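Encoded as structure tokens, the structure appears first; notes follow it.
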Amino acid sequence: MNSFDKLMKTETGKKLSDNREKIVKLAEKSDGQKVIGMLKGNNVDAAIKAGDTESLKAAIERAMKTEEGARLFAELSKLIES
């Protein structure tokens, strides 16, 4: 079982799944689009395919340090905590 499958079996994964529509709406907003652009610019797709969790983690941490990323991840946290 891969890490994603393990995550989705947790309580957090269930909350993410239950809030899928809200997460999609967040991703479609300006902050979401900017963060997606940042992640694409950091070759996140290649890191995911290669199973390079360190590069993936570093890219997410860089995105979280931006204004847009901080707002987006704060909104995601609210969904998970609700």
Inset, instruction - Return the total of residues in region 42-59 being in a helix (DSSP H, G or I) and under 15 Å from the mean Cα position of the chain (by Cα). - result: 11
Inset, instruction - Hey, can you tell me all the residues within region 53-70 that are surrounded by 17 or more Cβ atoms within 10 Å (Cβ to Cβ) and over 23 Å from Thr10 (Cα atoms)? - result: Ala59, Ala63, Glu68, Gly69
Inset, instruction - Residue by residue through region 4-36, note down the ones that are among the polar types (S, T, N, Q), in a helix (DSSP H, G or I) and under 14 Å from the mean Cα position of the chain (by Cα). - result: Thr12, Ser17, Gln33
Inset, instruction - Identify all residues within region 1-45 that are more than 15 Å from Leu76 (Cα to Cα) and acidic (Asp, Glu); write none if there are none. - result: Asp5, Asp45
Inset, instruction - Mind telling me which of the residues Lys9, Lys15 ends up being touching a Ser or Thr at 6+ places or on another chain (Cβ under 9 Å) and modelled with pLDDT under 90? - result: Lys15
Legend entry - Extreme residue, modelled with the lowest pLDDT, among residues of region 31-48 that are touching a helix residue (DSSP H, G or I) at 6+ places or on another chain (Cβ under 9 Å) and among the charged types (D, E, K, R): Asp45
Inset, instruction - Being under 18 Å from Lys25 (Cβ atoms), modelled with pLDDT of 90 or more and among the acidic types (Asp, Glu) is the filter here, so list the residues in region 49-82 that pass it. - result: Glu68, Glu75
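The values are calculated or read from the model by the stated rules, or taken from the named source; none is laboratory data. Keep in mind that this is a model prediction, so the values were computed, not measured. Cβ atoms come from the backbone with ideal geometry, glycine included; neighbour counts cover every protein chain shown.
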